[in-house]
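Chemist: This structure is in structure tokens; I'll ask about it shortly.
The values are calculated or read from the model by the stated rules, or taken from the named source; none is laboratory data. Source: prediction; values computed, not measured. Don't worry about glycine lacking a Cβ; one is built from the backbone with ideal geometry, like all the others, and counts go over all protein chains shown. Side chains are part of the model used for accessible areas, which takes the heavy atoms of the whole protein and leaves out ligands, DNA and RNA. Shrake-Rupley method; radii C 1.70, N 1.55, O 1.52, S 1.80 Å.
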Amino acid sequence: MSSHSANGAGTVLPITKPGSYLTRMAIFVAIIVGVGALLYPALSDAFMANAVLNGLILGVFVVGVVYTFRMAASLSPEVTWIEDFRRSRPGLTSQVPPKLLAPMAAMMTEQRRDRPQLSTTSTRTILDSIRSRLDESRELSRYVVGLLVFLGLLGTFWGLLQTVNSVANVIGNVNVGSGQNMDLWFSELKEGLSEPLSGMGTAFSSSLFGLAGSLALGLLDMQAGQAQNR
């Protein structure tokens with residue numbers, strides 16, 4: 001990004017296009033898909049432990065991934081505008097400026113067309129405005145990361161609650177000493193324990209998908225944040 005002081009001295013900071021970060025993010029997502037394909041049988045069984053909740057977690061994760069990619073890709077017009085401004089291409093002021101750098105473009109158009117200059121105070125104001133816009137754009141991705149953790153914990157407590165209630169019912173229905181056939185008693189006990197085990201499956205599977213999704217999305221959000229900083 002190029003910033004000019006009031007005395008005309010310019011300080012040029014390095015700027016990087018988001019393409020390299022998008023490539024890293026795409027490679028990371030491809031690795032996730034590959035690992036998921038290798039572990040598909042086990043993940044499929046875990047997913048079916050509670051298809052509704054795990055499907056919701058998966059859907060939230062996909063929305064977060066799409067938004068993170070969109071957030072990083074939206075930086076390209078900003079970079080193009082800065083590069084055009086550096087080169088001082090003719091007709092720059094007639095171009096429609098990007099949303100992120102709109103305050104900078106508005107202030108530049110008020111300066112001289114041949115050699116725009118900004119004071120130190122104006123530069124700080126612009127940078128603070130850009131930083132605020134960047135933070136606002138990342139709020140949703142950060143919320144989705146936290147939401148995945150919350151959904152995972154919600155499934156955990158839901159599954160544990162089912163397990164506790166089911167175990168209580170099994171214990172309450174145990175009746176030994178009335179001359180009942182032990183084989184029949186063990187058969188009934190085995191059937192009764194199937195529901196608590198199902199609850200444990202819900203608890204562990206939701207934790208697995210929720211925490212893994214938050215970890216993966218957090219790494220993608222970190223890459224998008226680095227792209228914004230550059």
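Chemist: If the requirement is being in contact with a Phe, Trp or Tyr (Cβ under 8 Å, 6 or more places away or on another chain), within 25 Å of ARG230 (Cβ to Cβ) and at pLDDT below 80, which of these qualifies: LEU127, LEU101, LEU140, LEU118?
Modeler: LEU101
Chemist: How many residues are modelled with pLDDT under 90, open to solvent by less than 40 Å² (accessible area, probe 1.4 Å) and hydrophobic (A, V, I, L, M, F, W, C) if we restrict to the range 186-219?
Modeler: Total satisfying the criteria: 1.
Chemist: Another question, if that's okay. So, in the range 128-149, exactly how many residues are open to solvent by 30 Å² or more (accessible area, probe 1.4 Å) and free of Cβ contacts under 8 Å to residues at least 60 places away in the same chain?
Modeler: 9
Chemist: Further question on the same structure: Within the range 38-85, how many residues turn out to be open to solvent by 70 Å² or more (accessible area, probe 1.4 Å) and either among the aliphatic types (A, V, I, L, M) or within 15 Å of the chain's Cα centre (by Cα) (or both)?
Modeler: 10
Chemist: Consider ARG24 against the criteria (1) open to solvent by less than 70 Å² (accessible area, probe 1.4 Å); (2) within 26 Å of ARG131 (Cα to Cα); (3) modelled with pLDDT of 70 or more; (4) not polar (S, T, N, Q): it satisfies all of them except one. Which criterion is unmet?
Modeler: Unmet condition: (1).
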